[in-house]
Structure formats: C-alpha cells, structure tokens
Amino acid sequence: MTQPGIRHLTPREAYDLVARAGATLVDVREPAETKMLRAAGAVLLPLSGFRPEALPNGELIFICGSGKRSQMALDRCGAAGLDHRAHVAGGMAAWAAAGLPVVRG
C-alpha cells in the first residue's frame, strides 16, 4: 500500500531538485535497463536487491521505467521508518521525453 504524502514530481521538478538543491536521483531499475538509458548522475540501486539502510544520506528522489517500481521503493522506505517521499511520475520514459540529460549505453 502506498504511503500518504508521496510527491509525484514531474521530470523537470526532479531535475531542478537534483541540479539546484543537491537531491540525489536513485534509479531502482535493473542494471540491464540502465545500460540502455539512464538519467545522467543517477545512483543505481535496483529494486530486486533494494535495502533502505543502504541508501545515501540526504534528499532522495526515486525513478524507474514508468513510476511503479519507484513507488514500491518509497513504500519500502516507509516500512523501514525512513521519510523519503518523492519519485518521478512517469519514470525514465517521461524524463527522456522531457529532453533532460541522459546517458546511453
């Protein structure tokens, strides 16, 4: 069940928080997916091995392919007592469509 207070950020809002406020973008997709396309500067922590205690400090914004797995990561954070509540609505598909920086290959 999704925790209350989740921030469904647009790709531009997320990018601005990373670029201007020092937030960390955390990609929860699997390595094979991120090898094809990923947001520039994102930290990879695949959901398959996701451990909330291994997350970096500071404000985190989660991203996946479409937004479903990033919400699952937020649910796991909430269950662990962590107060991370932001993800990119639409995931990498929306990020790329917005023309934001990506790394291919």
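Worth a mention:
- Residue-count net charge about Asn57 - beta-carbon cut-off 15 Å; Lys, Arg +1, Asp, Glu -1: -2
- Each peptide in 57-67, 15-25 was scored by the mean count of other Cβ atoms within 10 Å over its residues; highest first, the order is 57-67, 15-25.
- Answer label, with P(r) over Cα pairs in 5 Å bins from 0, in percent calculated from the coordinates and candidates [x] 2, 10, 17, 20, 14, 10, 9, 9, 6, 2, 0; [y] 2, 11, 18, 19, 18, 16, 10, 4, 1, 0; [z] 3, 14, 28, 27, 19, 8, 2, 0: [z]
- Charged neighbours of Gln71, selected by a Cβ distance under 15 Å, balance to +4 (K, R count +1; D, E count -1).
- Fully extending the segment from Ala97 to Arg12 would add 29.5 nm, taking 0.36 nm per residue of separation and subtracting the current Cα-Cα distance.
- Pairs of Cα atoms nearer than 8 Å and 6+ residues apart set the relative contact order; for the chain it is 38 percent.
- Dipole magnitude for the chain: computed about the Cα centre from +1 point charges on Lys and Arg Cβ and -1 point charges on Asp and Glu Cβ, it is near 220 debye.
- Label separation (Ala80 vs Asn57): 1.6 nm, computed from points 7 Å beyond Cα along the C-beta direction.
No value in this document is a laboratory result; all are computed from the given coordinates. Since the model is a prediction, treat every value here as computed from it, not as a measurement. Note that each Cβ is placed from the backbone with ideal geometry, even for glycine, and that neighbours are counted across all protein chains shown.
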